[in-house]
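The values are calculated or read from the model by the stated rules, or taken from the named source; none is laboratory data. Remember, predicted model here, so these are calculated numbers, not experimental data. Virtual Cβ from ideal backbone geometry, glycine too; neighbours counted across all protein chains shown. The accessibility values were calculated without ligands, DNA or RNA, using every heavy atom of the protein model including side chains. Shrake-Rupley method; radii C 1.70, N 1.55, O 1.52, S 1.80 Å.
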Amino acid sequence: MVLDDHWRPQASIDTLRARAALLARVRQFFAERDVLEVDTQLLSHAAVSDPFIDSIEAQYRPAPDQPAQTLYLQTSPEYAMKRLLAAGSGAIYQLGKVFRNGEVGSRHNPEFTMLEWYRPGFAAAQLMDEVEALVALAIPGFSAQRLSYRELFERELGIDPHRATRAELQRLCRQHVDAPFEDDCRDTWLNLLMSHVIEPRLSAPVFVHAFPASQAALAQVVEDAQGVPVATRFELFVAGVELANGYRELTDATEQRRRLQQDQARRKALGLPQRPLETRLVAALDAGLPDCAGVALGFDRLVMLALGLERIEQAIPFAFERA
Amino acid sequence: MATYSSNQFKNGLKVMIDGDPCTMVDVDFVKPGKGQAFTRVRLRNLITGRIWERTFKSNESVESADVMDRDMEYLYNDGEMWHFMEPDTFEQYAADKNAVADAAKWLKEQDKCLITLWNNNPIAVTPPNFVELEVVETDPGLKGDTAQGGSKPATLSTGAVVRVPLFIEQGEVLKIDTRTGEYVSRA
């Protein structure tokens with residue numbers, strides 16, 4: 001490969017101008033709505049618990065000849081922002097870099113810009129309205145349909161994702177995707193159907209909400225009209241791209257502790273690294289996290305969608321390979 | 001045999017899939033929401049030429065395929081097999097009809113070709129991008145009509161038929177682009 005032009009950015013200067021204008025409009029959007037900008041730490045003593053998100057490790061030394069201590073680059077400002085909310089910050093947003101190990105692809109860069117915000121007193125539906133208004137800054141006239149996870153799977157594949165067995169999901173998946181591996185987790189097959197079969201068909205923008213409880217992450221779990229426990233979580237898909245992920249946030253400290261430990265047990269079972277859990281988040285919830293909804297949105301993907309770019313590196317000055 | 005884990009996949013990697021050697025044409029990382037990551041790979045079967053997509057989960061591994069491309073000189077065809085020689089070692093390889101496929105109509109003795117070997121057997125033959133071949137049959141040239149343009153079929157010494165300008169005569173040697181099968185110029 002010829003590396004001679006690798007000093008150059010992959011994004012055009014025109015793209016970077018549009019990106020800068022959008023960054024400014026986002027800040028103005030929140031200023032007008034009286035949402036406080038915060039810039040929490042990127043380097044933390046604790047790592048994210050999600051088994052399928054891998055933190056990048058950093059070595060901290062008190063002096064060059066002293067033993068190093070392992071710290072973690074943040075995969076999202078979620079834990080820190082919730083500690084601020086519990087401390088009485090009110091509505092807050094953060095617009096900055098986060099890091100995820102191993103994530104390189106047409107829509108992934110290991111270092112990317114995330115816009116994350118929290119709204120005390122908001123239900124998920126109100127926050128979806130606000131996400132719509134924010135995306136409209138980049139895509140004029142933007143609006144998105146709202147469908148539950150069940151409605152989407154029934155419409156696209158004719159199955160109830162909450163009741164189908166693992167074997168049924170696996171069989172259905174293999175009718176559409178060449179994926180001969182085995183996996184005994186229902187969510188793997190649901191995720192494969194979602195990412196490989198349904199997502200590419202979602203050309204019109206859609207908020208998918210009421211996820212299976214097993215995919216709740218840090219969302220509250222409630223019973224839906226059919227008595228099935230579902231997560232108050234939503235995801236926004238635009239042109240088949242997963243753009244944002246939001247929750248009516250879990251506020252119960254005991255349940256928060258249980259989920260962190262459950263993630264840690266899952267990591268162990270999968271042979272993934274065991275890392276320090278953020279127990280200060282549990283302490284913050286114990287002290288009292290206000291009822292709130294929060295959402296994280298991939299800013300680089302928003303730039304891609306606004307400008308019609310095919311690959312994430314076209315939206316970033318220097319993506320992984322040239323960073 | 002070496003194996004590759006799905007997080008090592010990259011374009012051009014040669015792997016064994018369902019018993020056939022395949023090359024990775026495009027590799028993408030797919031990560032749905034909070035779930036585990038998948039690697040979606042566009043593969044080309046090097047035996048059949050079939051191109052399709054397969055999805056792997058993280059840490060799934062596949063066996064590498066012992067596939068390599070070598071420059072060789074085309075020697076002759078014995079009616080059934082096409083024979084090639086490695087110029088440095090003088091080692092000879094015989095390729096069958098499936099391996100040579102469409103390349104057959106461009107092969108001229110002593111031309112340099114790219115031979116794809118799997119377990120040391122030829123499975124594909126790529127002719128040089130440009131070959132020089134003699135016209136063995138074409139309608140007589142229409143002199144004085146060159147400004148008009150237009151073309152006519154000409155049969156070359158290897159049996160290939162290409163469209164050539166009207167002024168080309170039998171016995172002339174032409175330069176042909178094998179990737180498009182088009183006439184380039186007189187040699």
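For the pair B:D69 and B:S151, the difference between a 0.36 nm per residue extended length and the Cα-Cα distance amounts to 25.9 nm. Applying 1/(1 + (r/R0)^6) with R0 = 45 Å to the Cβ-Cβ distance of A:Q126 and B:T180, what FRET efficiency is obtained, to the nearest 0.05? In this case the efficiency is close to 0.15. Scanning residues 5 or more positions from B:D26 or on other chains, those with amide H under 5 Å from its amide H are B:R42, with H placed 1.01 Å from N in the peptide plane.
GNM remark for chain B: springs join alpha carbons under 10 Å apart, and the peak mean-square fluctuation among B:V162, B:V100, B:V131 falls on B:V162.
Cross-link partners for B:K105 among the lysines, with Cα-Cα distance under 26 Å and sequence neighbours closer than 8 places in the same chain left out: B:K97, B:K152, B:K175. Within chain B, the longest run free of trypsin sites (Lys or Arg not before Pro) that sit in a DSSP loop with at most 12 other Cβ atoms within 10 Å is B:51-142. Between B:F167 and B:N77, the FRET efficiency estimated from the beta carbon spacing at R0 = 35 angstrom works out to 0.65. Ellipticity at 222 nm from helices only: DSSP H runs of n ≥ 4 in chain A, each -39500 (n - 2.57), divided by the residue count, give -10500 deg cm²/dmol. Only Cα pairs under 8 Å and 6+ residues apart enter the sum, and on that basis the relative contact order of segment A:194-237 stands at 43 percent.
Please give the per residue accessible area of chain B, computed with a probe of 1.4 Å over protein heavy atoms only, in Å². For chain B, the per-residue accessible area is 53 Å².
Of the chymotrypsin sites (Phe, Trp or Tyr not before Pro) found in segment A:1-110, those in coil by DSSP whose Cβ has at most 12 other Cβ atoms within 10 Å are A:W7. Averaged over peptide B:85-95, the number of partner chain Cβ atoms lying within 10 Å of each residue's Cβ comes to 0. When the surface is traced with a 1.4 Å probe over the full set of protein chains, B:D18 keeps roughly 130 Å² accessible. Expressed to the nearest 5 percent, the antiparallel share of DSSP beta bridges inside chain A is 90 percent.
Working from label points 7 Å from Cα in the Cα-to-Cβ sense, the A:E156 to A:Q274 distance is 3.7 nm.
Shown for segment A:38-60: residues covered by the partner protein chains by 40 Å² or more of accessible area relative to the chain by itself (probe radius 1.4 Å), namely A:F52.
The GluC sites (Glu not before Pro) of segment A:216-323 that meet both conditions, a loop assignment by DSSP and at most 13 other Cβ atoms within 10 Å of the site Cβ, are A:E310. Among A:P62, A:P200, A:P212, the largest mean-square fluctuation in a Gaussian network model of chain A (Cα springs under 10 Å) belongs to A:P62. Karplus-derived 3J(HN,Hα) values for segment A:296-304, using 6.51 cos²θ - 1.76 cosθ + 1.60 with θ = phi - 60°, are 10, 10, x, 5, 5, 5, 5, 4, 4 Hz; glycine and proline are entered as x. Across segment A:3-157, Cα pairs under 8 Å and at least six residues apart give a relative contact order of 19 percent.
Using a probe of 1.4 angstrom and keeping all protein chains present, the accessible surface of segment A:206-323 works out to 41 square angstrom per residue. At full extension, A:E223 and A:R201 could sit 5.1 nm farther apart than now, given 0.36 nm per residue minus the alpha carbon distance. When A and B come together, around 2000 square angstrom of accessible surface is lost from both chains combined, probe 1.4 Å.
Pop a pseudo-label 7 angstrom from the Cα along the beta-carbon direction at both A:A323 and B:W52 and give the gap in nm to one decimal. Each label point lies 7 Å from its Cα, and together they span 3.6 nm. What does the accessible area of B:D177 come to, in Å² to the nearest 10, when a probe of 1.4 Å is used? Approximately 20 Å² of B:D177 is accessible to the 1.4 Å probe.
For the pair A:Q145 and A:A58, the difference between a 0.36 nm per residue extended length and the Cα-Cα distance amounts to 27.2 nm. Shown is the FRET efficiency for A:L43 and A:D65, computed with R0 = 30 Å from the Cβ-Cβ distance and rounded to the nearest 0.05: 0.90.
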